[in-house]
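First up is the structure itself, then whatever we jot down about it.
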């Protein structure tokens, strides 16, 4: 089974210098981010973080540590998918026999075109979203709610052989 994760994975980092991608479950990703980014704490002014305290790449290149800045391995709003990722996604979509779309992806291009293509070919597509999307009427299944609530219930109900 192949999977395509768009817009990426918050548990992976990518180096801005060498493009090294690594799994990273550190919370926070560096000490300077401790206590920042909480959705519960709003409108609290934060002091800028010195560049020297931001997370750095530990990848070794020719026996030297890269040291480039790390970022989450995700596509932010307004960024484009890299062509090779789009191409790989297209290959996976052509071979898919089922598709699970979690979040706004069924309404956000280019992924929206993939879900529509699958649905038009009669491939079962399930969408998990807090609201009905422009693609919902095309899809075979729609589970309304937060993914953190819906996914565990959905997986608990599956019978795997």
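Read-outs throughout are calculated quantities, based only on the coordinates presented, and are distinct from any laboratory measurement. No experiment lies behind these values; they were computed from the predicted model shown. Using ideal geometry, Cβ is built from the backbone for each residue, glycine included, and neighbour counts are taken over all protein chains shown.
When the Cα convex hull of the chain is projected onto planes of every orientation, the mean area is 12.9 nm².
The simple spin-label model puts a point 7 Å past each Cα toward its Cβ; for residue 74 and residue 31 those points are separated by 2.6 nm. Using only Cα atoms, what Kirkwood radius does region 8-74 have, in angstroms? For region 8-74, inverting the mean 1/r across all distinct Cα pairs yields 13.1 Å. For the pair residue 146 and residue 54, the difference between a 0.36 nm per residue extended length and the Cα-Cα distance amounts to 30.0 nm.
Taking 0.36 nm per residue of sequence separation and removing the Cα-Cα distance, the residue 157/residue 61 pair yields an extension gain of 29.9 nm. For the chain, the longest principal axis of the alpha carbon atoms and the long axis of helix 147-157 meet at an angle near 50°.
Contact order for region 89-161, expressed relative to its length and based on alpha carbon pairs under 8 Å spaced 6+ residues apart, stands at 27 percent.
Determine one quarter of the surface area of the Cα convex hull of region 89-155, which equals its mean projected area, and express it in nm² to one decimal. Before the final figure, lay out each step's value.
Values: hull surface 16.6 nm².
The Cα convex hull of region 89-155, projected and averaged over all directions, gives 4.2 nm².
Here the contact order of the chain, divided by its residue count and restricted to Cα pairs under 8 Å and six or more residues apart, works out to 17 percent.
Here the simple spin-label model places points 7 Å from the Cα toward Cβ, and for residue 91 and residue 19 these points are separated by 1.5 nm.
Distance between the pseudo-spin-label points of residue 137 and residue 46 (7 Å out from Cα toward the beta carbon): 4.1 nm.
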